[in-house]
Amino acid sequence: MKITAIKGMSDILPPESSVWRGVEEKVRQIFDSFGFEEIRTPIVEPTELFVRSVGETSAIVEKEMYTFEDKKGVSLTLRPEGTAPVVRAYIENGLQAKYPVAKLCYFGPMFRYEQPQKGRSRQFFQIGAELLGAESPMADAEMLILLKNIFSGLGIEDVRFEINSLGCAVCRPKYLEAIHGFMKGKEKKFCDDCQKRAKKNPLRILDCKKEPCRELTEAVSTISDFWCEACRKHYREVRGLLLAGHVPFKENTRIVRGLDYYCRTAFEVLCDRLGAQNAVAAGGRYDGLVKDLGGPDIPGVGFAIGMERLTLLAPLIHDSRPTIHEPMFFALLGSEAEQAALSVIQELREKSLRVESAYGGSLKSQLRRADKLKAKWVVILGENEVKKGVAIVKNMHDGKQNEILMGRLVGELSK
Ligand code: ATP
Ligand code: MG
């Protein structure tokens, strides 16, 4: 029986993988310019990490996690997102001592048991960044400027930035009360999920994707009416910095984010070209998270970009290494020719040139492959050439060919 990949998890094949590599290279350059360094955390974490950070009533923890027991009965979870693992690693390794401001980025797969559809899969890749140790609005603004640089660096100009402030521990409870009050008597009209959310995290009702709930919540008062003075000031400064940093944004008081740990600034980056799943990146501030996970009281702000959606928007980006596109091809007839060619091939590859060799077959079929690989130079070695100590070098663009002494081959080809 044929074995297939797991539903919602797909292979990234060439040439698409070249787009992925090109995008990652570009993003890495931009991270470098902002001083972000890479962190690589395990793909599996204790389940408790996500329950405590992402939140018990979040869609992720309620129904989307890949959770299983290891051989000792310990509950493990394939990471559904990247922030909690980074914060766990930050606390565990005492990074705050080494970096008063830690700027960390990551690249990797995430896992959520969702209904697979366009732009939504069960294994998906994220590029993320976390800035820990800065409370200032400058940090929030820089994360958004970083995002903007990433999109424009990839030639994507048609994304929209939407921002909101979710308030803080001082002012948000009052807003939650207001939502409670609003729902009173109408509970039955909301979906089952929202009825549950009403008890544990009413803010999330604003994030419900079901049409009846969306309509009902149109009338609920907006969070902006409840911000405390400190949150107002923070948000005002963020907006001022975004203007100064040339990040065009729109305020959207309905952005709440699906994860429990956000406070103050929350944002999404949207693109109409994506269709129904139109968010390509999202993030925000999470000042209580490090403390909640047992660390010191250190603020943080971060974002995650969905790689599948990002590569859909940036298909013109490719792996930019020039040598990769014009290989040299060694057409080799017989095992003596193969042996004679190997050291030359090795030397050329050590000069970072791309060299392709034949794996048997007729000269005709080998040349056909060279053509397909778009090789400009083909080196032909048969029994006669080996005896004479030469190789035939053919320019595939103009069809001209020359005999060259084996000893001079590397020099000639690496010109
Ligand atoms: P959505 O509203 O699309 O479900 P989300 O709020 O769950 O997104 P986040 O957890 O903030 O998303 O993740 C950030 C980004 O990761 C999203 O903007 C999206 O680009 C990408 N992403 C999230 N879930 C998936 C998925 N199941 N498949 C592919 N990409 C995803
Ligand atoms: Mg989601």
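The values are calculated or read from the model by the stated rules, or taken from the named source; none is laboratory data. Fair warning: this is a prediction, and the values are worked out from it, not measured in the lab. FYI the Cβ positions are ideal-geometry reconstructions off the backbone, even for glycines, and counts take in every protein chain you see. Heavy atoms of the whole protein, side chains included, go into the accessibility calculation; ligands, DNA and RNA do not. Shrake-Rupley method; radii C 1.70, N 1.55, O 1.52, S 1.80 Å.
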Residue match in segment 169-176 (condition: touching a residue at least 60 places away in the same chain (Cβ under 8 Å) and touching a Phe, Trp or Tyr at 6+ places or on another chain (Cβ under 9 Å))
yes
Those residues of segment 323-346 which are over 18 Å from E385 (Cβ atoms) and of a type outside the set (S, T, N, Q), in sequence order:
I324, H325, E326, P327
Filter segment 166-223 down to the residues that are aromatic (F, W, Y) and either buried (at least 18 other Cβ atoms within 10 Å of the Cβ) or within 29 Å of the chain's Cα centre (by Cα) (or both) and list them by number.
Y175, F190
Residues of segment 81-118 being within 16 Å of ligand 1 (Cβ to nearest atom) and within 14 Å of F36 (Cα to Cα), which ones?
V86, C105, Y106, F107
Can you pull out the residues in segment 262-287 that are open to solvent by 20 Å² or more (accessible area, probe 1.4 Å) and either within 12 Å of G167 (Cβ to Cβ) or touching a helix residue (DSSP H, G or I) at 6+ places or on another chain (Cβ under 8 Å) (or both)?
R264, R273, Q277, N278, A279, D287
Among V379, V301, which is the only one that is away from ligand 1 (no atom under 16 Å from the Cβ), modelled with pLDDT of 95 or more and buried (at least 21 other Cβ atoms within 10 Å of the Cβ)?
V379
Consider R40 against the criteria (1) in contact (Cβ under 8 Å) with a residue 24 or more places away in the chain; (2) surrounded by 13 or more Cβ atoms within 10 Å (Cβ to Cβ); (3) away from ligand 2 (no atom under 16 Å from the Cβ): it satisfies all of them except one. Which criterion is unmet?
(2)
Are there any pairs with C-beta distances below 7 angstrom linking a residue in segment 280-294 that is more than 28 Å from I156 (Cα to Cα) to a residue that is within 14 Å of ligand 1 (Cβ to nearest atom), with the two at least 6 apart or on different chains, and if so which?
G288/Y261; L289/S53; L289/Y261; D292/S53; L293/S53
Residue in segment 48-69 that is nearest to ligand 2 (Cβ to nearest atom), counting only those that are open to solvent by 80 Å² or more (accessible area, probe 1.4 Å) and not acidic (D, E)
K63
Condition first: among the aliphatic types (A, V, I, L, M) and surrounded by fewer than 17 Cβ atoms within 10 Å (Cβ to Cβ). Now tell me which residues in segment 92-108 satisfy that.
A97, V101
Can you run down the residue pairs with Cβ atoms below 9 Å, 6 or more apart or on separate chains, where the first is in segment 57-82 and in the same structural domain as R40 (by TED's automatic domain parsing) and the partner is within 12 Å of ligand 2 (Cβ to nearest atom) and open to solvent by 70 Å² or more (accessible area, probe 1.4 Å)?
K63/Y113; E64/Y113; M65/Y113; Y66/Y113; P80/Y113
Any residue that is assigned by TED's automatic domain parsing to the domain that holds T83, in contact (Cβ under 8 Å) with a residue 24 or more places away in the chain, more than 17 Å from the chain's Cα centre (by Cα) and open to solvent by less than 20 Å² (accessible area, probe 1.4 Å) - is there at least one of those in segment 140-160?
yes
Y235, sole failed condition from (1) outside any helix (DSSP H, G or I); (2) touching a strand residue (DSSP E or B) at 6+ places or on another chain (Cβ under 8 Å); (3) of a type in the set (S, T, Y)
(1)
If I ask for residues that are touching a residue at least 60 places away in the same chain (Cβ under 8 Å), more than 13 Å from ligand 2 (Cβ to nearest atom), farther than 20 Å from Q29 by Cα and out of contact with any Pro (no Cβ under 8 Å at 6 or more places or on another chain), which ones from segment 92-129 would you list?
P109, K118
